[in-house]
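Student: Handing you this structure, nothing more for now.
No value in this document is a laboratory result; all are computed from the given coordinates. Fair warning: this is a prediction, and the values are worked out from it, not measured in the lab. As a convention, Cβ positions derive from the backbone with ideal geometry for all residues, glycine included, and neighbour counts pool all protein chains shown.
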Amino acid sequence: MSVPRTYLDHAATTPMRAEVLEVVTARMRVLGNASSLHASGRAARRVVEESREALAAALGARPSEVVFTSGGTEADNLAVKGLYRARQAADPRRRRVLASAVEHHAVLDPVKWLADAEEAQVEWLPVDPYGRVDVAALRASLAADPGSVALVTVMWANNEVGTVQPLSDVVSAAHEHGVPVHSDAVQAVGQLPVDFAASGLDAMTVSGHKVGGPLGVGALVVRREVELVPLLHGGGQERDVRSGTLDTPAIAGLSAAVVASQEEQPESGQRLAALRDDLVAAVLGAVPDAVLNGDPSGDLRRRLPGNAHFSFPGCEGDSLLLLLDARGIECSTGSACSAGVAQPSHVLVAMGAGPELARASLRFSLGHTSTVADVEALARAIGPVVERARLAGVVNTRKVSA
Amino acid sequence: MRVLAAMSGGVDSAVAAARAVDAGHDVVGVHLALASNPASLRNGARGCCTLEDARDARRAADLLGIPFYVWDLAERFRADVVEDFVAEYAAGRTPNPCLRCNERVKFAAVLDRAVALGFDAVCTGHYARVVDAGDGRRELHRAADPAKDQSYVLGVLTAEQLQRALFPLGDTLKGDVREEAGRRGLAVAGKPDSHDVCFIADGDTAGFLRRSLGAAPGAIVDADGTVLGRHEGAYAYTVGQRRGLGLGRPASDGRPRYVLDVSPVERRVTVGPADALDVRAVLGVRPRWCGPPLGGEFHGSAQLRAHGEPVPARARRTAADTLVVDLLRPVRGVAPGQAVVLYDGTRVVGSATVDRVVRASSDVAEAGRH
């Protein structure tokens, strides 16, 4: 069965850029451990450091602030656990972690783990109905006892509903009390202007495969003076914060992808926003009672340009996914889970959506390969698909007579 | 046809799906997540909803090159199968949860949803045959492999449900299915069969019921009411059970004793000799017909357990739509709550839930407790 595929799931992963594929495969053919002292090692080291410099320059950071990791999840874990442990070691009173309620699981779960295993006291910062974090609540939490806060972590933009967080307000609130701030910027890079120095952040997570780079590589951009307790101990690579032989091909690919996406961003942000606005109009035209979740304004300062997230009342998200998949349209019901069982999204629940509406949701996400044809394909399919899914939704809630 | 293949992660449903693909159908695989409490239930090796099973099903679907999804039916399964199971035991009846699952989940919730989504049929790895009777009707028949025949637990399907059921393994021996799985490169070819009740991962039904219903200690008595021992909950006993009675003294006549009756309300378990277990007739309620409903008197055979011997039987419907089944050879240890399935040769005629039994030693029908 070969149906032409329409890929509307760039928030999950993106097609690798042609130039990145070249860089990665070329480097894979070459021998070299970047820690070795001989010629092969030096050649690998040179690629790593040039990649580091280019990545840093693209993100408004210094090369020494870039710690390469195995991806966004590791970078988030390193930031959350590493910051907590270092801050706690410096002052045992620092047990509080302030995190937004809509974080990605790569932040959410390490935070919960710290609470369960290391007696961290977690305060989940509430969000408004658009998923935007309540800065007043953050200020109140900080002011209550600033000396006991280990860190604040608030994502740059939400992976499900695309809401951009008021990061500069978050940073200034935390810095008033000398509290470091981490932000997961995995979804923001390439979609929004991202400048680490200008953001004032202390640590920032980026990932390769969300911007046309390879899977399995990412980085934590972290200010020089910020202490981190390592997660991985070993050969002392990456300024002793992250041991492990450096993955030269992947690092070269990550860097090339971030550089390309940052260069394109001013133009592609506008292009994707316009495409996304067309997608939203097409979906709401075909399904008038569909609910657009997240910030309704198309403003880049408020919503990721590639994100469109809807609830379709009366439908099950996984019915919609099955029907769209059969028509060649690929999207997501929200956070995937290892067992594949859909749980109501914690993001939508935090935004105040009921479980019914949360289960009825779909995310369409655009990226560097998205075209008008993709939006047109969805526009043709979504009406009949929702109609069918509604039949199934009604059937499924019907009680079987005994 | 567009076919939805229910894939448990076992060898049977994997081969069934493969055969549906071979037959030229447009097949989509679906794994049903039925456990309400994944953390505890999925740890068990014996359950049928472990994460490992979901992965095995996904790998089989990958190999067949078909789309694969997991459907969360835990809530339906809990309400329609698990709670029913507990409530039936609490009422002193012996339910068959597989049959309930086929009736209310696989060929109701799943089938209805599949049809609404545009599928024409649901395919499973059950061992039973659906035979075209001409004139558009379809009949349910026993499987070719008598050791694996599952027509009993499908006896609750209506003609309408059968129209949309696909059982590609009905004409094949289990051994051949395993061999075929191996030939096809399916990793589950050597996976052990599932046994017991899928939602009781450790196989300890009595323990599961004790946790669900709490302790309800009472007496174990003989037919005269003489107290022979104590129990922690009548629901842990099944009519016909011999082992685990924990009675210190042997019977006066030296013969083994069996559970004759379970009365959870009175917290009483009655035991007695084997011949007192013989049942010569049952009264069934909630009849379901796989084909046309029974008209006049039926002569054929009846089966009272999933792997029980069929016995010659006569049956008729009453005005109140109950079913009276005379067993022409007594059947030992029939409990209210079990299904009586009627067969005409290999064809399944229909089924009903046993409400009362008539003992060979008595003229009076014993009521199941409601």
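Student: Test of understanding: what is the full-extension gain from B:Asp22 to B:Ser362, defined as 0.36 nm times their sequence separation minus their Cα-Cα distance?
Tutor: Answer, rounded to one decimal: 116.9 nm.
Student: Another one. So, R0 is 41 Å and r is the distance between the beta-carbons of B:Glu232 and A:Asp116; what FRET efficiency does that work out to, to 0.05?
Tutor: 0.70
Student: Run the quick spin-label model on B:Ala133 and B:Arg184: label points 7 Å from Cα toward the beta carbon, then report their separation in nm to one decimal.
Tutor: About 3.0 nm, to one decimal.
Student: Now, a different point. Sequence-distant or interchain residues sharing an amide H contact under 5 Å with A:Thr153, placed H: which?
Tutor: Residues meeting the amide H criterion: A:Leu98, A:Ala99, A:Ser100, A:His182.
Student: While we're looking at this one, here's another question. Within the range B:1-37, name every residue whose backbone N is under 19 Å away from a label modeled 7 Å from Cα of B:Gln163 along the Cβ vector.
Tutor: B:1-4
Student: With θ set to phi - 60°, apply the Karplus curve 6.51 cos²θ - 1.76 cosθ + 1.60 along the range B:275-286 and write out the HN-Hα couplings as whole Hz, x wherever there is a Gly or Pro.
Tutor: So the J values, rounded to whole Hz, are 5, 6, 7, 5, 10, 10, 7, 10, 10, x, 10, 6.
Student: With 10 angstrom as the radius, rank A:Met204, B:Met7 by how many other C-beta atoms surround their C-beta, starting from the fewest.
Tutor: Ascending Cβ contact count within 10 Å gives the list A:Met204, B:Met7.
Student: Label A:His105 and A:Asn33 with points 7 Å out from Cα along Cα→Cβ: what is the distance between them in nm?
Tutor: In this crude label model, A:His105 to A:Asn33 measures out at 3.4 nm.
Student: Next question, about the same structure. Considering only DSSP beta bridges with both partners in chain B, what is the antiparallel share in %, to the nearest 5?
Tutor: 70
Student: Could you give me the percent of Cα pairs per 10 Å distance bin for the range B:215-272, shortest bin first, beginning at zero and ending with the bin that holds the maximum distance?
Tutor: P(r) over the range B:215-272, rounded to whole percents: 27, 62, 11, 0.
Student: Then there is this: Rounded, prolate or oblate: which one fits the range A:124-209, using the alpha carbon gyration tensor with axes a ≥ b ≥ c (rounded when a/c is under 1.5, else prolate when a/b beats b/c, else oblate)?
Tutor: oblate
Student: Enumerate the residues in the range A:242-275 having an amide nitrogen under 12 Å from the point lying 7 Å beyond the Cα of A:Ala18 toward its Cβ.
Tutor: Nothing falls inside the zone, counting backbone N under 12 Å.
Student: Determine the sum of side-chain charges near B:Thr124: Lys and Arg each +1, Asp and Glu each -1, restricted to other residues whose C-beta is under 10 angstrom from that of B:Thr124.
Tutor: Taking every other residue near B:Thr124 into account, the sum is 0.
Student: Now for a different question. Quick one: if the Förster radius is 56 Å, what FRET efficiency do B:Leu247 and B:Glu52 give, using the C-beta to C-beta distance and rounding to 0.05?
Tutor: 0.85
Student: Output the DSSP H helices from chain A with an along-axis C-alpha extent of no less than 24 Å and a mean Kyte-Doolittle hydropathy no less than 0.5.
Tutor: A:372-397
Student: Treat the count of other C-beta atoms within 10 Å as a stand-in for reagent exposure and order B:Cys123, A:Cys315, B:Cys198, B:Cys98 from fewest to most.
Tutor: Ascending Cβ contact count within 10 Å gives the list B:Cys98, B:Cys198, A:Cys315, B:Cys123.
Student: Which lysines have a Cα less than 17 Å from the Cα of B:Lys174, not counting those fewer than 8 places away in the same chain?
Tutor: Here the lysines satisfying the reach criterion relative to B:Lys174 are B:Lys148, B:Lys191.
Student: Further question: What residues of the range B:318-346 lie in the reach of a label at B:Ala274, counting those whose backbone N is under 15 Å from a point 7 Å from the Cα along Cα→Cβ?
Tutor: B:330-334
Student: Counting Lys and Arg as +1 and Asp and Glu as -1, each charge on the Cβ, what is the dipole of chain B about the Cα centre in debye, to the nearest 20?
Tutor: With Lys and Arg at +1 and Asp and Glu at -1, about 440 debye.
Student: Would you work out which of A:Gly41, A:His209, A:Leu125 lies farthest towards the positive end of the dipole of the range A:18-260, given +1 charges on the beta-carbon of Lys and Arg and -1 on that of Asp and Glu, about the Cα centre?
Tutor: So the residue we want is A:Gly41.
Student: Next question, about the same structure. Give the order of B:His25, A:His309, A:His233 when sorted by the count of other beta carbons within 10 angstrom, beginning with the fewest.
Tutor: A:His233, B:His25, A:His309
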